[in-house]
Amino acid sequence: MKCVDLFAGCGGMSLGFQNAGIEILSAIDNWDKAVEVYNKNFSHKCYNHDISDEEGTLKIIEKYKPNMIIGGPPCQDFSSAGKRDESLGRADLTYSFANIICAYKPKWFVMENVDRIRKSAILSDVVEQYQQEGYGLTAVIIDASYCNTPQSRKRFFLIGELGGVNNALLPKLKENLNSKPMTIRDYLGDNLGINYYYRHPRNYNRRGIFSIDEPSPTVRGVNRPIPAGYKKHSGDPAEIELSEVRPLTTIERSYLQTFPKTFKFEGTKTNLEQMIGNAVPVNLAEFLASTILEYEKEKVDKKHLQKNLFSNEVNFLIPETALHRMSC
């Protein structure tokens, strides 16, 4: 299967799909800093291009002839961390993604977003658009911690198969989930050299200190030091001394997004934190891609089996004398 990644960022989704065995042909993003990081880590090209230019985007895609398109249109207008105002214009890129899919018609597409998009009128609009073009859709919210990722990050995925059946992937997705969430210690062992860390809360009604013996909360694009005068929350571990707690570094946070240590992050701390926070966890992307490939393989195997059974039945039903007459 061959793929182009739209809204690729620094490449979390691309890397996960590539690790699963899907060939990434190219990628597109409109943030030059993310494009620079992407191009340092992949052999194929990431274009710095505005995807709202749908005609220009289609020209790039058509050069590569993929049978899959993936992407995560900007989620700020739906996100609990954003203003949740669909009139701000960024949400329009969800329409652009749908328009591009429906114009090019790949065999498969995968759209990623925050789980709040399910309450959006935009989602209803694009679902109707995809169905009118003949896509069978699977809509699902997945917690990354059940997909080999040490982070409790819930994300919405809309997966489309041209000529497919609605919800066809649900049984296999459920089957492939881990039975329990992955903790930071499960994933990194004692490599961080700490048992607790500080993660800046959105407000001080929430705890800020977490253990590595649980999945991390969602990695966001904000990473601040523990403020002077921080008062422990009732949910913070009672036994911990604040002087012993630190925030995770930028690179450590990339590990929670399951980027490998070999991945090259270059740029300012602010830009890198934003890229890492925006990324689809690599292992979550690999989980999705592997599930799609398994589903495709089972369909192909079933077709071969049906074809072989049909052939055997025909050969069995025609007597040798009839075959002899036919050959004469």
- Cβ-Cβ FRET estimate between Thr249 and Asp92, R0 fixed at 30 Å, reported to 0.05: 0.25
- Take each uninterrupted DSSP H stretch in the chain, measure its Cα extent along the helix axis, and return the ones at 30 Å or beyond whose mean Kyte-Doolittle hydropathy is at least -0.5. 282-317
- Query: Under 20 Å from the Cα of Lys63, which aspartates and glutamates turn up, not counting those fewer than eight places away in the same chain?
  - Reply: Asp5, Glu23, Asp29, Asp50, Asp53, Glu54, Glu55
- Query: Which residue, chosen from Pro74, Ile22, Val222, occupies the Cα position most advanced towards the positive end of the dipole of the chain, where the dipole is computed from +1 (Lys, Arg) and -1 (Asp, Glu) charges on Cβ about the Cα centre?
  - Reply: Val222
- About its Cα centre, how strong a charge dipole does region 101-177 have in debye, to the nearest 20, once Lys and Arg get +1 and Asp and Glu get -1 at the Cβ? 220
- Size descriptor, Kirkwood hydrodynamic radius, that averages inverse alpha-carbon separations across the chain, Å: 21.7
- the chain: relative contact order in percent, alpha carbon pairs under 8 Å with at least 6 residues between: 18
- Taking Lys174 as the anchor, which lysines have their alpha carbon closer than 22 Å to its alpha carbon, excluding any fewer than eight residues away along the same chain? Lys154, Lys297, Lys299, Lys302
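Would you kindly state how much longer the chain becomes between Lys231 and Ser52 on full extension, computed as 0.36 nm times their sequence separation minus their alpha carbon distance, in nm to one decimal? Each step should come with its number before you reach the end.
On the way: separation 179, 0.36 × 179 = 64.44 nm, distance 4.52 nm.
Answer, rounded to one decimal: 59.9 nm.
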- Describe numerically, in nm with one decimal, the distance between label points set 7 Å from Cα along Cα→Cβ at Arg207 and at Lys264. 4.0
- Using 1/(1 + (r/R0)^6) with R0 = 51 angstrom and r between the beta carbons of Arg185 and Gln129, what's the FRET efficiency to the nearest 0.05? 0.70
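Quick one: order Ile184, Ile60 by neighbouring beta-carbon count within 10 Å, fewest to most.
Working: Ile184 25, Ile60 18.
Lowest count first: Ile60, Ile184.
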- Pop the C-beta distance of Asn178 and Asp32 into the FRET formula with R0 = 41 Å and round what comes out to the nearest 0.05. 0.65
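Here, each number is a calculation from the coordinates, and none is a lab measurement. Computed from a predicted structure; not experimentally measured. Quick reminder, even Gly has a Cβ in these numbers, built from the backbone with ideal geometry, and neighbours come from all protein chains shown.
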